[in-house]
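The structure appears below as structure tokens.
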Amino acid sequence: MLKRLGHVAICVQDLDKAAEFYQNLGMELVWKDPDWAYLKAGDDGLALLSPHYSQSGPHFGFIFNDRGEVDRAYEKLKAEGVHVTQIHEHRDGTASFYGRDPDGNWFEYLYEPAPVAAAV
């Protein structure tokens, strides 16, 4: 069962500049790699995708706290003929897959086992 709409992902040209901008708006930087960053405002997240990020484009993500729920949702959507990608294990310990709605918008089903720790 979906827990919540957890994040929106947008494409940015300069990852460092964008991360700084959103931090100045009051968001907390919780993860940053050379090709993407993740910020939070409370429980809500914003993923910044650099031009070099190859896993996905702009999308919105639904959060699950149970990995089994993500696996079952994946199989259900696949059986219903919804376009979905393979489940991907992420560098930060989460796992997800992407799908497209009937209008071609991308969404992500994301397993988030615990709050993502800040990268050092």
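Annotation note: of Leu29, Leu49, the sole residue that is of a type outside the set (D, E, K, R), touching a Cys at 6+ places or on another chain (Cβ under 6 Å) and modelled with pLDDT of 95 or more is Leu49.
Quick check on my filter: what residues within region 84-99 are over 24 Å from Gln13 (Cβ atoms) and part of a loop (DSSP other than H, G, I, E, B)?
The answer is Thr85, Gln86, Ile87, Gly93, Thr94.
Residues that are part of a loop (DSSP other than H, G, I, E, B), of a type in the set (Asp, Glu) and out of contact with any Phe, Trp or Tyr (no Cβ under 6 Å at 6 or more places or on another chain) within region 29-83 comprise Asp33, Asp43, Asp66, Glu80, listed in sequence order.
Any residue that is within 12 Å of Tyr109 (Cα to Cα) and under 14 Å from the mean Cα position of the chain (by Cα) - is there at least one of those in region 69-77? Checking region 69-77: at least one residue is within 12 Å of Tyr109 (Cα to Cα) and under 14 Å from the mean Cα position of the chain (by Cα).
Here Leu2 meets the list (1) more than 15 Å from Phe107 (Cα to Cα); (2) part of a loop (DSSP other than H, G, I, E, B) almost entirely, failing just condition (1).
The values are calculated or read from the model by the stated rules, or taken from the named source; none is laboratory data. All figures in this text were calculated on a predicted structure; none of them were measured in a lab. Every residue, glycine among them, receives a Cβ derived from its backbone with ideal geometry; neighbour counts consider all protein chains shown.
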